[in-house]
Every structure is written in C-alpha cells, then in structure tokens.
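Okay, so here's the structure we're looking at.
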Amino acid sequence: MPLLGAHMSVAGGLHHAFEHIRKVEGEALQIFTRNQRQWRAAPVSPEEAEAFLKAWREIGTTAGGETMPVASHDSYLINLAGNKPETEQRSIQALTGELARCQTLRIPWLIMHPGSHLGQGTEAGIKRCSRNLDTVFQQAGGDNRVTILLENTAGQGTNLGRSFEELAAIIEASKHPERFGICFDTCHAFAAGYDLRTPEAYDQTFSTLDRIIGLKHLHFFHLNDATKPLGSRVDRHTHIGQGEIGLEGFRLLMNDLRFKNHPMVLETEKGPDLAEDIENLTLLRQLIA
C-alpha cells in the first residue's frame, strides 16, 4: 500500500514533526525546514540536526519498521523563473540554503514550484528557471546530492508547471537533468486539466506523464481534493472526497500498484489536534482494496 502521511509543523523544533506524524499514524512526512514566508533562514545547527536525526531514527518508521520517507518543501517566496533581478538573486540564495539544510538533515528530496515567468512568456521562464537551477547546484557544491522534485502546478496566472511538457522542458534545459524528479499534486493536476475521476481518464493522465517525463522519475505525491472544476487553473485544496475529484479518483490512486510504495502526503487544513489529518488518512486507507 502507499506510504500515507501529511505535511507537519516544525514549531518548537524540527524534530517535533515526527511526533506529529506518529500521532496520525502516518508513514510519510513533509516539512518546511524554515519559515516558508521569510527570505532569511539560518543554517541547521548541529544540535537541531542531532535531535531531528534521533527522532527520525527512533519514531520515524513505517508500519513495516522501515525508515519513513521525508521530503522538504521550499519557500513560497522563491521564484527562479521571474525577471526581477533582486528576487532572482534572493531566490538562488534561498534555494541553495534549502539544499544545504536538506543535506545536513539527510532529507533526500526538496520539492519546489517552478515559479512564475511574470509575463515574459513560458519559454523565457523555462530557460531562466533551468539556468538558475544550474547556478543553485553549482553553489550548493558537488557533495550535495539532494534531488529537486518539480511539483506540477494549477497554472494560475503566469505560473509555470501546469503541463507535464513544461516540467520536462525545465529538466531537459538543465545541465544536470539527473538531479531532478517529480512530485505529483492531485489538486494541481486536476485544476490544470488532467482528469482523475474515471479509470479511463486516470489511465490517460498517467500514461501522458509516463510518455513525457517517465513514471520512474515520479517520487512523491501530494494528496489534495480540489474545490474548483476540472481545468479551472485555480489552486484550492480541500479534504479528500469533499471536492471535485471525489473519492473515485483517490480510490484509483490508492490501488495503483505502480505506486504501492510511494510516499503520499496530505496538504489540507487542520487544527492543533490533527483530527482532520486522522480523518483523511483513515478514509484513504479505507479506499485500498
């Protein structure tokens, strides 16, 4: 079965995320290593890393006793595709710092949005994004082997990543295509026009992804239902089964043997008691045949 989990808060210390994911009986975890809405971010201290790795080792395990997969999500401020020099440079520095923190914490994946071309056109945005990513890899150093997972987007405004072709183009334009993978967001895909609600539509969506990028490059999932209709290009998450995708789309994903060992995390709203995560994860597990 898929390794189901959620994005968790790191308030009070990075290591607390494992306590939260254990509370909801999750088997996969996503975090922010620093405040996602601030440019300035300190490196991970030795003490932080030690506490994080200790918690991961002691309670960050799957039901089968294996090490829980963990990914980090980059800051929402980062935009490597835009044409504003100050933001571009700050984004390069911020993403380089994100890679360094992941390396220190031994987190193998950093999930990022491709960014927005800000009216300069898709082709120009893709070229700029790839060029800046190459700069980030260079600045991070050869010892850093964290994989960037490009996340598909809803395509709001001038955001890149709505189509699988755009994601593929970013990877192909880079000097380091081996440093990339894909994170598939169900809400974003649906909003971008990729249907998941019937077996035929579901098969078409993933056949297209396989043809253009390759399913072997798909490493992580975000599980979010969508409040807006198919192809709306509006990114609005909601709880599983309460949106336009509906339960059948998630049933198909939960029982797709190609993804039986893939980490899949919720990014839906929740309160301090995490009750919503527990309800969503329980429902997803009930969909598994």
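Residues in region 113-147 that are out of contact with any helix residue (DSSP H, G or I) (no Cβ under 6 Å at 6 or more places or on another chain), hydrophobic (A, V, I, L, M, F, W, C) and buried (at least 23 other Cβ atoms within 10 Å of the Cβ): L133 only.
Taking the criterion of being in a loop (DSSP other than H, G, I, E, B) and closer than 14 Å to T67 by Cβ, the residues of region 12-31 that qualify are G26, E27. Counting only helices (runs of 4 or more DSSP H) wholly contained in region 176-286, the ones carrying 1 or more residues that are free of Cβ contacts under 8 Å to residues at least 12 places away in the same chain and of a type in the set (S, T, N, Q) occupy 199-212, 275-286.
Within region 230-256, being hydroxyl-bearing (S, T, Y) and out of contact with any helix residue (DSSP H, G or I) (no Cβ under 7 Å at 6 or more places or on another chain) holds for one residue alone: T238. Among the residues of region 187-220, those that are in contact with a Ser or Thr (Cβ under 9 Å, 6 or more places away or on another chain), crowded, with 19+ Cβ neighbours inside 10 Å and of a type in the set (A, V, I, L, M, F, W, C) comprise C187, A189, F190, A191, A192, L196. Applying a threshold of 8 Å to beta carbon distances and a minimum spacing of six or more residues, or different chains, the list of pairs starting in region 76-93 at a residue that is touching a residue at least 24 places away in the same chain (Cβ under 8 Å) and ending at one that is of a type in the set (D, E, K, R) and part of a loop (DSSP other than H, G, I, E, B) reads Y76/R37; L77/R37.
Just checking, does region 152-163 include any residue being crowded, with 23+ Cβ neighbours inside 10 Å, aliphatic (A, V, I, L, M), in a loop (DSSP other than H, G, I, E, B) and modelled with pLDDT of 95 or more? For region 152-163, residues crowded, with 23+ Cβ neighbours inside 10 Å, aliphatic (A, V, I, L, M), in a loop (DSSP other than H, G, I, E, B) and modelled with pLDDT of 95 or more: present.
Can you give me the number of residues within region 170-190 that are among the small types (G, A, S) and within 17 Å of D210 (Cβ to Cβ)?
2
Take I240 and decide whether it is of a type in the set (V, I, T), under 29 Å from T135 (Cα atoms) and at pLDDT 95 or above.
no
H262 passes every criterion in (1) within 23 Å of V70 (Cβ to Cβ); (2) in contact with an Asp or Glu (Cβ under 6 Å, 6 or more places away or on another chain) apart from (2). When residues in region 60-102 are screened for being touching a Ser or Thr at 6+ places or on another chain (Cβ under 8 Å), under 30 Å from N261 (Cβ atoms) and surrounded by fewer than 18 Cβ atoms within 10 Å (Cβ to Cβ), 2 of them pass. Can you pull out every residue in region 11-59 that is buried (at least 19 other Cβ atoms within 10 Å of the Cβ), within 17 Å of the chain's Cα centre (by Cα) and within 21 Å of Q93 (Cβ to Cβ)? If the condition is that a residue be buried (at least 19 other Cβ atoms within 10 Å of the Cβ), within 17 Å of the chain's Cα centre (by Cα) and within 21 Å of Q93 (Cβ to Cβ), then I31, F32, T33, R34 are the ones that fit.
The values are calculated or read from the model by the stated rules, or taken from the named source; none is laboratory data. Worth saying up front: this structure is predicted, and the values here are computed from it rather than measured. Backbone-built Cβ (ideal geometry, glycine too); neighbour counts: all protein chains shown.
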